[in-house]
Amino acid sequence: MTGGAVTMRPPGPLPAGIQLTPDGQLRHFLTIEGLPRALLLEILDTAESFAGVKNQAVKKVPLLRGKTIVNLFFEASTRTRTTFELAAKRLSADVLNLNINTTATVKGESLLDTLRNLEAMYTDMFVVRHADSGAAQFIARHVAPHVSVINAGDGRHAHPTQAMLDMFTIRRHKPDFSRLCVAIVGDIMHSRVARSQIHALSILGTGEVRVVGPKTLIPAEVENLGVRVFHSMADGLKDADVIMMLRLQKERMQGALLPSEHEYFQLYGLTEERLSVAKETAIVMHPGPINRGVEIGSEVADGSRSVILQQVTYGIAVRMAVMSMAIGARAGR
Amino acid sequence: MNLQISQGRVIDPAHGVDRITDLFVADDRIAGIDNAPPGFVVDRKLDARGRIVIPGLVDIAARLREPGQEHKATIASETHAAAAAGITSLCCPPDTNPVIDSPAEVELIQQRAHAAGFCRVHTIGALTAGLKGQTLSEMAALKAAGCVGVSNALQPLANPLVLRRAMEYAASQGLTLFLHPFDHALANQGCAHEGTIATRLGLPGIPTAAETAAVGQLLALVEQTGARTHFCRLSTARAVNMVARARYDGLPISADVCAHQLFLTEQDIGGFNSLCHTLPPLRTRADLETLRKGVAHGALAVICSDHQPHEIDAKQAPFPATEAGISALETLLPLTLRLVEEDVLSLPEAIARVTSGPAEVLGIAAGTLGVNQTADICIYDPDERWQLIPKRILSHGKNTPFSGWSFTGRVTHTLLGGRIVYQVDSAS
Amino acid sequence: MNLQVCDLVREMSEEIQKLIRAGGIERPLMVGIHTGGVWIAERLHALLGIEDPLGTLDISFYRDDFSRVGMNPRVKPSHLPLSVDGRHIILVDDVLFTGRTIRAALNEIFDYGRPARVTLAVLIERDGRELPIEARVVGHKLKLESRQHVKLSGPNPLELKIVNAPGGGGPQ
């Protein structure tokens with residue numbers, strides 16, 4: 001923001017800003033939005049190389065030996081933390097898991113105080129999960145120059161590593177994004193995963209991206225992110241190549257967003273029958289953990305078109321790629 | 001002491017004055033314009049050539065943070081900043097700690113303001129006891145203590161029945177209600193305008209309807225009760241049109257907008273800029289345009305600062321966890337003048353929105369340069385260009401999103417009751 | 001440069017053939033190091049008629065200068081087709097210089113298993129070793145100034161060039 005004709009700025013994508021080094025390498029990984037396509041492809045390609053590490057007898061490489069990575073989780077998530085921890089360990093980094101109850105910060109220590117303390121322990125990377133949108137950005141803006149920040153989910157804003165592992169999974173099955181129709185189904189409103197998926201799909205040049213759900217779960221003006229909105233599964237899944245289901249939090253039944261899990265499954269649950277309108281070759285994805293019988297039927301989750309377990313496997317390689325690129329970018333400067 | 005302010009361009013919107021002339025001040029009163037009154041002996045002469053002489057500004061909403069939040073700011077620090085900004089009267093909302101719901105708090109604030117001596121401080125009393133929204137405050141006592149109106153600030157009322165009764169009771173005491181049209185249930189703890197930016201950043205949104213539904217309810221109750229009501233801090237185009245229509249229909253209402261809503265939109269939140277975290281939230285370009293029209297046509301008779309100074313830590317957190325509000329005293333006049341530069345309204349009209357307009361809403365004798373009025377005067381240099389640097393502002397709150405903006409026009413002198421309470425360093 | 005890569009590779013294959021016969025090696029496993037080493041290994045693999053598919057190694061994840069130069073943006077997957085336990089590995093690279101690449105490759109191989117023996121074959125052996133690493137099969141030996149580097153371009157045709165590098169810090 002400057003002087004001049006200040007209010008005349010047209011809306012446009014946010015700059016990648018602090019995420020990149022001056023020579024365009026990944027320094028922090030906070031959001032997919034604004035990143036160049038080449039960088040996303042580099043993440044995917046690097047992840048392909050890391051995907052082979054699991055075949056080794058010793059399932060690790062010495063790349064980040066001597067580096068310290070702190071999993072800084074302000075919101076509990078054993079699952080995500082575990083995949084980051086495993087990724088870090090496969091890179092031979094030392095890992096410190098800190099689950100910080102936000103009530104502890106209320107006691108007096110501010111978020112910045114916590115950061116300063118951890119920096120003083122010579123850490124190289126923070127993997128951050130926080131309940132507030134923008135938390136990862138905030139932390140990245142305030143860390144010492146030798147620290148990289150990876151966003152492991154901030155509020156409803158972004159979950160970029162999840163989106164990249166989804167892209168990795170899609171590319172393994174359907175390499176040409178420009179020919180794909182992708183439907184994202186469920187609670188778009190509260191989903192950081194959906195937002196990151198939309199940005200990633202759009203940057204990779206996906207043919208069509210749809211969001212499907214009841215109006216209470218679709219955020220305002222989401223069309224401006226470049227997606228088509230559907231309120232019915234029959235229309236939204238028609239001829240789709242990829243169906244990305246989202247997890248429905250049980251607390252959405254409170255606050256008048258949805259009447260019941262039963263009715264939600266009736267309308268938006270993914271069943272074999274619903275899936276029949278999608279392309280025959282369609283794959284089904286889910287970031288997990290799955291609520292069977294709420295957003296997806298067991299016959300689909302465990303069926304031949306489900307790639308849900310592959311997503312989990314690929315998640316480690318993608319996180320290894322992002323971690324090593326971010327620490328490496330710092331080294332290269 | 002007799003003071004002659006000579007050859008400035010005197011603009012007094014309340015009296016239709018706009019000419020280069022002399023203004024005469026005897027002790028704390030304005031003694032004459034154009035010609036000295038009989039027997040006036042000049043003790044001191046202030047050369048105002050090339051300057052503009054206007055009534056001291058009246059700010060309808062400025063948080064001083066005292067009592068209760070002295071780590072953010074104090075009455076002394078903020079009234080000093082007000083004086084530097086040409087503001088000679090300001091109005092303090094009741095959400096201090098303790099809240100202004102009894103004469104004791106009113107007296108405390110008046111004493112401190114008087115001791116500081118920079119600016120007149122008026123208080124708006126709490127509408128409900130403790131601002132809890134349940135039971136009525138002792139409004140007659142608050143009025144007797146000097147409150148110029150009653151308000152529940154940004155705190156919710158239990159239900160429309162409490163609101164109706166509060167309006168009726170305030171009206172019977174002859175108190176104006178200062179109400180924020182903000183439906184807390186619809187706002188649902190949001191922190192940004194519900195639209196493209198909130199969706200993109202994943203910020204909980206505050207829909208336009210949180211304001212318009214509240215305006216609709218308030219208008220219905222004003223019609224029912226006849227209570228004189230001021231609508232605080234409109235932010236949406238629809239609300240401006242609703243208020244304009246109701247004024248046309250003859251309802252006893254008025255409304256204000258804060259200056260930053262006339263210059264910033266949701267876009268300015270950009271990458272989680274917590275300095276643009278405000279309540280009500282920054283809205284869209286279309287809302288901004290209509291707010292500007294409302295100011296130009298007079299449906300919004302008041303531009304205020306909605307000053308909310310914060311300590312640094314209050315803005316140092318993830319966006320939703322930061323405190324809302326802008327430190328805005330020192331951008332009130334600069335932004336208002338900028339509206340003139342951008343051809344939104346004429347200079348006398350713009351001056352009216354920050355002087356006679358708010359004075360009339362508050363029912364106080366201020367905001368004019370009429371003979372025998374208290375000599376609260378602001379003199380500014382209309383040609384000086386300057387850049388806002390947060391650490392140089394006088395308010396203890398450095399939380400301004402206008403850092404780096406260039407402005408034209410800078411206060412050189414502020415007179416409070418004929419006494420110079422601020423004088424720019426380089427001024428003679 | 002006057003060296004014909006094809007001739008050198010043919011000589012290397014004959015040398016390896018001799019070693020295999022002399023050492024009684026059964027079913028050697030050939031592994032090339034990305035990128036130049038893979039090109040040479042592909043040709044040797046064909047000339048020697050080795051049954052097991054060619055393995056490839058990208059040692060990017062095992063480099064010792066990651067903290068200095070960062071991530072190689074063109075890293076390729078490593079691919080060792082079979083278990084390396086108890087196998088005789090013929091490790092192939094284009095240029096042996098400091099020895100650091102071979103050190104990294106050995107580390108990577110040992111993360112896959114425990115081979116019986118590793119034999120190193122290189123197209124060019126130049127001076128400048130920084131580690132006690134030695135090639136058994138060498139296409140050609142070169143003496144170069146420290147600022148000079150020898151580079152293999154390819155894959156079709158394979159050509160050797162000597163280039164003057166700006167500044168110090170040689171490649172691995």
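The values are calculated or read from the model by the stated rules, or taken from the named source; none is laboratory data. None of the values given here were measured: they were computed from a predicted structure. Using ideal geometry, Cβ is built from the backbone for each residue, glycine included, and neighbour counts are taken over all protein chains shown.
Summary table below
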read-out	value
Pair list, Cβ < 6 Å and 6+ apart or interchain, from the range B:344-362 residues that are surrounded by 20 or more Cβ atoms within 10 Å (Cβ to Cβ) to residues that are in a helix (DSSP H, G or I) and among the hydroxyl-bearing types (Ser, Thr, Tyr)	B:ALA350/B:THR336; B:VAL354/B:THR336
Answer from C:VAL92, C:VAL84 - the residue that is β-branched (Val, Ile, Thr), touching a strand residue (DSSP E or B) at 6+ places or on another chain (Cβ under 7 Å), assigned to a strand (DSSP E or B) and buried (at least 20 other Cβ atoms within 10 Å of the Cβ)	C:VAL92
Residue among B:GLY325, B:GLY271 that alone is modelled with pLDDT under 95 and either in the same structural domain as B:LEU339 (by TED's automatic domain parsing) or more than 30 Å from B:ALA171 (Cα to Cα) (or both)	B:GLY271
All positions within the range B:294-333 that are of a type in the set (Lys, Arg) and either away from chain A (no Cβ under 14 Å) or under 12 Å from the mean Cα position of the chain (by Cα) (or both)	none
Test: A:VAL318 is buried (at least 21 other Cβ atoms within 10 Å of the Cβ) and either more than 15 Å from the chain's Cα centre (by Cα) or within 30 Å of A:VAL128 (Cα to Cα) (or both)	yes
Answer residue from the range B:259-269, given it is polar (S, T, N, Q) and assigned to a helix (DSSP H, G or I) and is surrounded by the fewest Cβ atoms within 10 Å (Cβ to Cβ) among those	B:GLN267
Spans of strands (runs of 3 or more DSSP E) in the range B:327-428 with at least 3 residues under 30 Å from B:ILE269 (Cβ atoms) and among the hydrophobic types (A, V, I, L, M, F, W, C)	none
Among (1) outside the structural domain of B:ASP28 (by TED's automatic domain parsing); (2) touching a strand residue (DSSP E or B) at 6+ places or on another chain (Cβ under 9 Å); (3) not hydrophobic (A, V, I, L, M, F, W, C) - the single one B:GLU349 does not satisfy	(2)
Test set (1) surrounded by fewer than 22 Cβ atoms within 10 Å (Cβ to Cβ); (2) more than 14 Å from chain B (Cβ to nearest Cβ); (3) at pLDDT 95 or above - A:SER202 fails condition number	(2)
Residue match in the range A:285-294 (condition: within 22 Å of the chain's Cα centre (by Cα), outside any loop (DSSP other than H, G, I, E, B), within 14 Å of chain C (Cβ to nearest Cβ) and at pLDDT 95 or above)	no
Residues satisfying the stated conditions in the range C:105-114, i.e. crowded, with 22+ Cβ neighbours inside 10 Å and either under 13 Å from the mean Cα position of the chain (by Cα) or aliphatic (A, V, I, L, M) (or both)	C:ALA105, C:ILE109
In the range A:205-236, the residues that are aliphatic (A, V, I, L, M), assigned to a loop (DSSP other than H, G, I, E, B) and within 9 Å of chain B (Cβ to nearest Cβ)	A:ALA220
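Yes/no per residue for (1) of a type in the set (D, E, K, R); (2) more than 24 Å from the chain's Cα centre (by Cα); (3) in a strand (DSSP E or B); (4) not assigned by TED's automatic domain parsing to the domain that holds B:GLY86:
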{"site": "B:GLN7", "(1), (2), (3), (4)": "no, yes, yes, yes"}
{"site": "B:ILE11", "(1), (2), (3), (4)": "no, no, yes, yes"}
{"site": "B:ALA14", "(1), (2), (3), (4)": "no, no, no, yes"}
{"site": "B:THR21", "(1), (2), (3), (4)": "no, yes, yes, yes"}
{"site": "B:PHE24", "(1), (2), (3), (4)": "no, yes, yes, yes"}
{"site": "B:PHE40", "(1), (2), (3), (4)": "no, yes, no, yes"}
{"site": "B:LEU46", "(1), (2), (3), (4)": "no, yes, yes, yes"}
{"site": "B:ARG49", "(1), (2), (3), (4)": "yes, yes, no, yes"}
{"site": "B:GLU66", "(1), (2), (3), (4)": "yes, no, no, no"}
